[in-house]
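A short write-up of the structure that comes next.
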Amino acid sequence: MQDLKPKPPASAGEMMGHPKGLFLLFGTEMWERLSYYGMRGIFVFYLTSAAAAAAFGWDALSDTELQSKALSYLGTYAMLVYLTPILGGWMADNKWGQRRCIMFGGVLMMLGQFALGFPHKWLPDGTEIYGLWLGLALMIIGNGFFKPNISTMVGDLYDEGDKRRDTAFTIFYMGINLGSILGYLVIGWIGEKVDYQLAFVVAGLGMLLGLILQMTQGDKMLGEIGNQPSAKLGLKPNLGGDDKKRPLTLEERDRVKVILILGLFTVIFWAGFEQAAGSMNLFAKYNTDLHIFGFEIPASWLQMVNPLFIIILAPVMASIWVGLGSREPTSPGKFSMGLIFLGLGFVSMVGAAMQIGDSETAKASPWWLVVAYIFHTIGELCLSPIGLSMVTKLAPLRYLSLMMGLWFAFIGIANKGAAEIGKLVGESGPIATFGGVAIAAITAGVILFFIREKLVDWMHGAEEEHTVVKDTTQEEIGITADHDVAPKRKFGE
């Protein structure tokens with residue numbers, strides 16, 4: 001059988017034991033995440049500001065109503081941001097290929113940031129809200145084309161069974177979080193201390209830098225990877241028909257079941273984790289003492305704790321997984337750990353809420369939030385990069401980008417749920433809300449721990465090392481493909 005999967009060009013070489021293309025994708029994603037997280041860090045503050053409320057006709061709303069509306073906008077935006085990757089994944093699989101989708105999506109996101117940053121005073125009265133909707137729509141659609149495809153390209157750099165794949169996604173994840181640190185630091189400061197709309201323009205310029213990097217270095221570092229639709233690469237000439245219409249095998253169906261089941265648990269995780277941009281962000285701004293070492297920091301800066309500790313802990317966690325060897329937890333086991341650490345983070349948030357009690361003037365120590373974000377970071381490292389890697393291992397090749405899009409759709413549903421949970425802080429109070437999330441996360445983690453072995457069985461050895469059987473060896477020993485039964489996917493297919 002012909003090896004149809006493109007390989008990184010030999011001339012590109014390696015860095016730190018990985019193809020250099022990984023670090024190109026690292027850099028592209030870093031600039032895109034600066035743009036995304038910088039905007040995300042100040043979005044609810046922008047919507048609840050006096051200037052925005054007046055421009056959008058919301059100035060008659062109470063503070064609680066205004067915060068609720070802002071959380072609804074954030075939740076709907078974040079949900080759609082993670083639902084549209086299904087469209088972008090399908091386009092990459094069947095029409096455009098991953099790299100074309102990445103460029104198209106990046107341009108739309110850049111224009112969306114510029115639309116958000118277009119000054120209100122330059123728009124006719126009463127049309128300001130349309131500028132907001134246009135900006136969000138462009139960013140939602142653009143992210144749908146960008147997000148799933150750059151992640152699947154990381155997996156395309158490696159053959160099936162290559163043990164470097166999990167480490168590669170952890171390195172890639174460091175690029176995501178380096179970008180978010182820069183976004184919170186630069187965009188957050190500009191937004192809270194200078195002007196929110198200027199901050200959106202700067203975020204758009206960050207996306208532009210990512211596009212330039214991909215345009216100038218893509219062919220050199222990636223070769224043909226991402227240029228052809230994955231469905232074309234998945235065609236098997238010895239099947240005697242269109243492989244895209246072939247039903248999934250039993251093994252493929254079991255692997256898809258694992259993706260779907262872990263997807264349900266990832267909804268629980270991200271519904272809690274994404275409180276960072278909503279209820280925890282508002283708690284930081286209005287209920288937390290932001291004076292640290294004699295300096296009053298922007299509230300959005302507290303969100304830097306998560307990506308900062310991702311950078312610090314990611315290589316540590318990757319080393320731990322490698323060092324454990326055969327004792328390394330399976331992907332479902334790591335997911336279980338992630339949920340439990342998330343719950344522990346919300347135990348810290350309960351402590352912050354108990355410190356202020358019912359007082360309207362008391363401020364909680366920022367260290368409660370710092371501890372919460374550290375626990376959330378450990379949980380994220382156990383779940384998020386492992387989830388991305390798992391999808392590339394388990395998804396049928398001809399549906400790879402589509403399944404990655406579906407994975408992000410789970411996160412989108414979680415983001416909308418996160419907004420609804422965040423509203424409960426104003427209704428039921430922070431102690432009950434944060435405590436409920438803690439209990440739900442820990443309970444889900446325990447349940448997943450007890451079903452993890454069954455899920456591993458359904459993975460059919462996807463996380464085991466494989467022996468490569470060359471085509472010439474197949475011919476020598478007379479292996480032939482049964483036209484009615486799809487062969488198992490090997491290296492390079």
Exercise. Restricting attention to region 320-352, which residues are over 16 Å from Ser389 (Cβ atoms) and of a type in the set (S, T, N, Q)?
Worked result: Ser326, Ser336, Ser348
Exercise. Does Ser180 satisfy the condition of being open to solvent by less than 20 Å² (accessible area, probe 1.4 Å), modelled with pLDDT under 95 and either out of contact with any Lys or Arg (no Cβ under 7 Å at 6 or more places or on another chain) or of a type in the set (Phe, Trp, Tyr) (or both)?
Worked result: no
Problem set entry | Selection count, region 398-429, where residues are of a type in the set (A, V, I, L, M), over 16 Å from the mean Cα position of the chain (by Cα) and open to solvent by 30 Å² or more (accessible area, probe 1.4 Å) | 3
For this session: Could you check, for region 337-349, whether at least one of its residues is farther than 30 Å from Gln67 by Cα, buried (at least 17 other Cβ atoms within 10 Å of the Cβ) and at pLDDT 85 or above?
Result: yes
Seminar exercise, completed: Filter region 314-336 for residues that are free of Cβ contacts under 8 Å to residues at least 40 places away in the same chain and either part of a helix (DSSP H, G or I) or closer than 13 Å to Thr170 by Cα (or both); the one that is most open to solvent (accessible area, probe 1.4 Å) is Arg327
Exercise. Inside region 47-76, can you point out the residues that are crowded, with 22+ Cβ neighbours inside 10 Å and not aliphatic (A, V, I, L, M)?
Worked result: Gln67, Gly75
Problem set entry | region 252-265 residues that are within 23 Å of Gly445 (Cβ to Cβ), paired with ones that are among the hydroxyl-bearing types (Ser, Thr, Tyr) (beta carbon under 8 Å, 6 or more apart) | Leu262/Ser331
Exercise. Quick one: which of Asp125, Asp166 is in a helix (DSSP H, G or I) and either open to solvent by 10 Å² or more (accessible area, probe 1.4 Å) or in contact with an Asp or Glu (Cβ under 6 Å, 6 or more places away or on another chain) (or both)?
Worked result: Asp166
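Okay, residues lined up against (1) of a type in the set (D, E, K, R); (2) over 24 Å from Asp166 (Cα atoms):
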{"residue": "Ala276", "(1), (2)": "no, yes"}
{"residue": "Glu296", "(1), (2)": "yes, yes"}
{"residue": "Gln303", "(1), (2)": "no, yes"}
{"residue": "Glu328", "(1), (2)": "yes, no"}
{"residue": "Ser331", "(1), (2)": "no, no"}
{"residue": "Phe335", "(1), (2)": "no, no"}
{"residue": "Ile340", "(1), (2)": "no, no"}
Problem set entry | Pro366 vs. criteria over 18 Å from Met79 (Cβ atoms), touching a His at 6+ places or on another chain (Cβ under 9 Å), surrounded by fewer than 23 Cβ atoms within 10 Å (Cβ to Cβ) and touching a residue at least 60 places away in the same chain (Cβ under 8 Å) | yes
Exercise. With Phe346, Phe408, Phe449 as the choices, which residue is part of a helix (DSSP H, G or I) and in contact with a Lys or Arg (Cβ under 8 Å, 6 or more places away or on another chain)?
Worked result: Phe408
For this session: Kindly indicate which of Thr433, Thr443, Thr392 is assigned to a helix (DSSP H, G or I), at pLDDT 90 or above, within 26 Å of Ile320 (Cβ to Cβ) and among the polar types (S, T, N, Q).
Result: Thr443
Problem set entry | Single residue of region 251-266 satisfying the filter (in contact with a Phe, Trp or Tyr (Cβ under 6 Å, 6 or more places away or on another chain) and surrounded by fewer than 18 Cβ atoms within 10 Å (Cβ to Cβ)) that is nearest to Leu369 (Cα to Cα) | Lys257
For this session: Please specify each residue of region 203-230 satisfying the condition of being among the aliphatic types (A, V, I, L, M), open to solvent by 40 Å² or more (accessible area, probe 1.4 Å) and more than 20 Å from Gly13 (Cα to Cα).
Result: Leu205, Leu208, Leu209, Ile212
For this session: Give me the pairs, please: first residue somewhere in region 285-301 and over 18 Å from Glu360 (Cβ atoms), second residue anywhere and open to solvent by less than 60 Å² (accessible area, probe 1.4 Å) and among the β-branched types (Val, Ile, Thr), beta-carbon distance under 7 Å, and either six or more positions apart or on two chains.
Result: Ser300/Ile42
Exercise. Hey, does region 470-484 have a residue that's of a type in the set (Val, Ile, Thr), modelled with pLDDT of 85 or more and either surrounded by 11 or more Cβ atoms within 10 Å (Cβ to Cβ) or within 30 Å of Gly325 (Cβ to Cβ) (or both)?
Worked result: no
Exercise. What is the one condition in (1) in a helix (DSSP H, G or I); (2) modelled with pLDDT under 90; (3) touching a Gly at 6+ places or on another chain (Cβ under 8 Å) that Asp3 does not satisfy?
Worked result: (1)
For this session: Note down all Cβ pairs under 8 Å where the first residue falls in region 369-390 and is of a type in the set (S, T, N, Q), the second is open to solvent by 10 Å² or more (accessible area, probe 1.4 Å), and they're at least six residues apart or on different chains.
Result: Thr377/Val305; Thr377/Asn306; Thr377/Phe309; Thr377/Leu313; Ser384/Tyr173; Ser389/Arg165; Ser389/Asp166
For this session: With respect to Ile140, determine if the residue is in a helix (DSSP H, G or I), touching an Asp or Glu at 6+ places or on another chain (Cβ under 7 Å) and on the phi < 0 side of the Ramachandran plot.
Result: no
Exercise. How do the helices (runs of 4 or more DSSP H) wholly within region 6-91 filter down when requiring 2 or more residues that are at pLDDT 90 or above: which remain?
Worked result: 20-47, 50-55, 63-83
Seminar exercise, completed: Given the conditions (1) within 18 Å of Leu47 (Cα to Cα); (2) in contact (Cβ under 8 Å) with a residue 60 or more places away in the chain; (3) in a helix (DSSP H, G or I), every one holds for Phe145 apart from (1)
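The values are calculated or read from the model by the stated rules, or taken from the named source; none is laboratory data. Since we're looking at a predicted model, the values are computed, not measured. Methodologically, a virtual Cβ is constructed for each residue, glycine included, from the backbone with ideal geometry; neighbour enumeration extends over all protein chains shown. Calculation scope for accessible area: heavy atoms of the full protein, side chains included, ligands and nucleic acids excluded. Shrake-Rupley method; radii C 1.70, N 1.55, O 1.52, S 1.80 Å.
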